[in-house]
Amino acid sequence: GPKVLQIPSHQIIDMGQMVTLNCDPVSNHLYFYWYKQILGQQMEFLVNFYNGKVMEKSKLFKDQFSVERPDGSYFTLKIQPTALEDSAVYFCASSLEQSAETLYFGSGTRLTVL
Amino acid sequence: SQWGEENLQALSIQEGEDVTMNCSYKTYTTVVQWYRQKSGKGPAQLILIRSNEREKRSGRLRATLDTSSQSSSLSITGTLATDTAVYFCAATPSNMGYKLTFGTGTSLLVDP
């Protein structure tokens, strides 16, 4: 089936540093999402993105977070500066339609902030 | 508010047994989806059921939706060891069409 690729699979950084998580969505999809999952907990919605714009964001999407798809390929989540509570697995997803009836998820990037 | 809420469970069963997982909602939704997440992987959609459907089947999977009680269930018949995963229900609120909200998940362990 359709694949969403996330790079890297694991990233370790020091608190205060900047980090960029990369996502290669399904090629013909138009809607992109980031979710955050702390170990053992549910997936929590961060943000969705369409046509170069943030459509909706949650309270978890702090001012230090930003998303973009600069070259039409990778969809990125940037955190600057990082905090300890940002440690989690971040999942990227994409969908063809706005209704979010079928999201395709990547395998996640495990971010560890020291 | 919490759009989707799942009865948090950790289930351990033997291969071949049947299992049912439940999910309840606090608010109206038009679509309920069930996802499976295997260790180290992202969630993958298993089945989608709409508010005008009471039951949906896909292979060994059966989902039900009861809009009056705002609840859904996912049943797996003849479980396999490869069904070991965390199962999430997810809701798309009718007035928040492009935001999918997940429940807390049911961890299922199927012993071979």
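Which of the residues in the range A:18-58 lose at least 20 Å² of accessible area when you go from the chain alone to all protein chains together (probe 1.4 Å)?
Buried-area filter returns A:35, A:37, A:42, A:43, A:45, A:48, A:55, A:56.
Considering only A:67, A:54, A:26, give the residue with the highest GNM mean-square fluctuation for chain A, with springs between Cα atoms whenever their separation is below 10 Å.
A:54
Quick one: putting +1 on the C-beta of Lys and Arg, -1 on the C-beta of Asp and Glu, what dipole do you get for the protein assembly as shown around its Cα centre, in Debye to the nearest 20?
Taking the Cα centre of the protein assembly as shown as origin, the dipole is about 340 debye.
What residues of the range B:30-54 lose no less than 50 Å² of accessible area with every protein chain in place versus their chain by itself (probe 1.4 Å, heavy atoms only)?
Buried on complex formation: B:43.
Hey, what's the Kirkwood Rh for chain B if you take every pair of different alpha carbons, in angstrom?
By the Kirkwood definition, the hydrodynamic radius is 14.0 Å.
Determine the share of chain A's accessible area contributed by carbon and sulfur atoms, expressed in whole percent, with a 1.4 angstrom probe.
That fraction is 50 percent.
For each pair in A:62/B:41; A:53/B:56; A:62/B:56, compute the distance between the two Cα atoms and list the pairs where it is over 32 Å.
Pairs exceeding the cut-off: A:53/B:56; A:62/B:56.
May I ask you to evaluate 6.51 cos²θ - 1.76 cosθ + 1.60, the Karplus curve with θ = phi - 60°, for each residue of the range A:38-44 and list the ³J(HN,Hα) values in order in whole Hz, giving x for glycine and proline?
Calculated HN-Hα couplings, in order: 7, 3, x, 10, 6, 6, 10 Hz.
For the range B:47-63, just list the computed ³J(HN,Hα) in residue order, Karplus coefficients 6.51, -1.76 and 1.60, θ = phi - 60°, integers in Hz, with x standing in for Gly and Pro.
7, 10, 10, 9, 5, 8, 10, 9, 8, 9, 10, 8, x, 7, 9, 9, 10
Using the charge dipole of the range A:1-85 (Lys, Arg: +1 at Cβ; Asp, Glu: -1 at Cβ; taken about the Cα centre), state which of A:51, A:18, A:83 has its Cα farthest towards the positive end.
Highest projection toward the positive end goes to A:51.
Set Lys and Arg Cβ to +1 and Asp and Glu Cβ to -1, take the dipole of the range B:5-111 about its Cα centre, and tell me which of B:59, B:25, B:48 lies farthest positive.
Sorting the options by dipole projection puts first B:48.
Averaged per residue, what accessible area in Å² does the protein assembly as shown show with a 1.4 Å probe, protein chains only?
That works out to 48 Å² for each residue.
Could you point to the residue in B:74, A:35, B:106 farthest towards the positive end of the protein assembly as shown's charge dipole, with +1 and -1 charges on the Cβ of Lys/Arg and Asp/Glu respectively?
A:35
Could you bin all the Cα-Cα distances of the range A:1-95 into 5 Å bins starting at 0 and give me the percent of pairs in each, rounded to whole numbers?
3, 13, 26, 27, 20, 9, 3, 0
Within the range B:7-56, what whole-number % of the accessible surface is contributed by carbon and sulfur, with the 1.4 Å probe and all protein chains included in the calculation?
Answer for the range B:7-56: carbon and sulfur cover 44 percent of the accessible area.
State, in square angstrom and to the nearest 100, the accessible area buried between chains B and A, both chains counted, probe radius 1.4 Å.
About 1700 Å² of accessible surface is lost on pairing.
Compute the distance in nm between two label points, each set 7 Å from the Cα along the Cα-to-Cβ direction, one at residue B:109 and one at residue B:9.
Distance between label points: 1.6 nm.
The values are calculated or read from the model by the stated rules, or taken from the named source; none is laboratory data. What you see is a predicted model; the values in this text were computed from it and never measured. Because the Cβ atoms are built from the backbone with ideal geometry, glycine has one as well, and the counts that use them run over all protein chains shown. Protein only, heavy atoms only, side chains kept; ligands, DNA and RNA dropped before computing areas. Shrake-Rupley method; radii C 1.70, N 1.55, O 1.52, S 1.80 Å.
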